[in-house]
């Protein structure tokens with residue numbers, strides 16, 4: 001795991017405490033993590049939950065949950081996954097367009113003309129509501145902007161969602177993304193490496209719209225292992 005600064009370790013430790021508090025509240029209420037957005041119904045394949053996404057128009061982030069069909073689902077037991085986005089109308093002015101244009105040129109691609117969201121990553125869950133993996137997908141999967149790892153990481157590490165009717169899942173997702181900072185850094189670097197390697201073989205074809213290329217990078221995650229490492233003697237700086 002990459003070396004983290006004392007400040008980053010402190011932030012991750014605070015995120016771990018927030019995440020554990022969310023699960024403690026769920027246990028006390030005898031509730032499931034997804035209850036707020038599924039409303040105790042069985043999720044329909046491919047449907048968004050909630051229908052119009054969870055959107056924070058002030059901070060400029062949003063997400064939704066969905067499940068694939070059984071034949072398309074991860075055979076290791078994925079129940080579904082979150083797609084996490086930043087909003088172009090909020091964050092667009094802070095994005096270096098020259099850097100992103102150069103990134104796209106390396107991939108022989110162009111940004112979609114009318115998308116107002118930037119896809120950041122996905123978070124896979126098992127049926128119990130426990131996260132099992134982080135992964136990234138090719139741009140055609142969602143049709144949103146796909147930005148370089150450096151820009152995507154900056155957006156992810158500022159992630160925060162607040163809504164008029166505050167949801168427990170907002171706090172959970174914010175804490176989760178902060179807790180797994182090192183894995184997210186690795187995930188995005190591996191995504192860009194995979195894209196560049198594929199682009200070198202294709203030259204003029206539009207890799208980002210190639211439906212034969214879907215999953216770009218994936219990293220398994222384990223909350224218990226992460227917290228044990230985080231509060232080990234190695235990281236005894238404390239929050």
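Values in this text are rule-based calculations from the coordinates and carry no lab data. Here the structure is a predicted model, which is why all the values come from computation and not from measurement. For neighbour counting, all protein chains shown are included, and Cβ atoms are generated from backbone atoms with ideal geometry for every residue, glycine included.
Per the listing 207, 225, 230, 215, the residue uniquely at negative phi and more than 21 Å from the chain's Cα centre (by Cα) is 207. Scanning segment 1-16 for residues that are assigned to a helix (DSSP H, G or I) and either on the phi > 0 side of the Ramachandran plot or surrounded by 15 or more Cβ atoms within 10 Å (Cβ to Cβ) (or both) turns up 8, 9, 10, 11, 12, 13, 15, 16.
Against the definition (surrounded by 15 or more Cβ atoms within 10 Å (Cβ to Cβ) and within 25 Å of residue 23 (Cβ to Cβ)), how does residue 83 come out, yes or no? Don't jump to the end; show me each part of the working.
Values: surrounded by 15 or more Cβ atoms within 10 Å (Cβ to Cβ): yes; within 25 Å of residue 23 (Cβ to Cβ): yes.
Taking the combined requirement at face value, the residue satisfies it.
If you go through segment 127-141 and keep only what is surrounded by 17 or more Cβ atoms within 10 Å (Cβ to Cβ) and out of contact with any helix residue (DSSP H, G or I) (no Cβ under 8 Å at 6 or more places or on another chain), you end up with 132, 133, 137, 141. Scanning segment 138-160 for residues that are touching a strand residue (DSSP E or B) at 6+ places or on another chain (Cβ under 8 Å) and under 17 Å from residue 221 (Cβ atoms) gives 156, 159. Evaluation of residue 124 against the conditions (1) surrounded by 15 or more Cβ atoms within 10 Å (Cβ to Cβ); (2) closer than 19 Å to residue 193 by Cβ shows that the sole unmet condition is (2). Taking the criterion of being in contact with a helix residue (DSSP H, G or I) (Cβ under 7 Å, 6 or more places away or on another chain), within 20 Å of residue 100 (Cβ to Cβ) and either in contact (Cβ under 8 Å) with a residue 24 or more places away in the chain or loosely packed, with under 15 Cβ neighbours inside 10 Å (or both), the residues of segment 165-206 that qualify are 184, 185, 188, 189, 191, 192, 195, 196, 199. The helices (runs of 4 or more DSSP H) falling completely within segment 52-164 that include 2 or more residues that are free of Cβ contacts under 8 Å to residues at least 24 places away in the same chain map to 97-106.
For segment 25-46, the set of residues classified as farther than 17 Å from residue 127 by Cα and either touching a residue at least 12 places away in the same chain (Cβ under 8 Å) or part of a loop (DSSP other than H, G, I, E, B) (or both) consists of 25 only.
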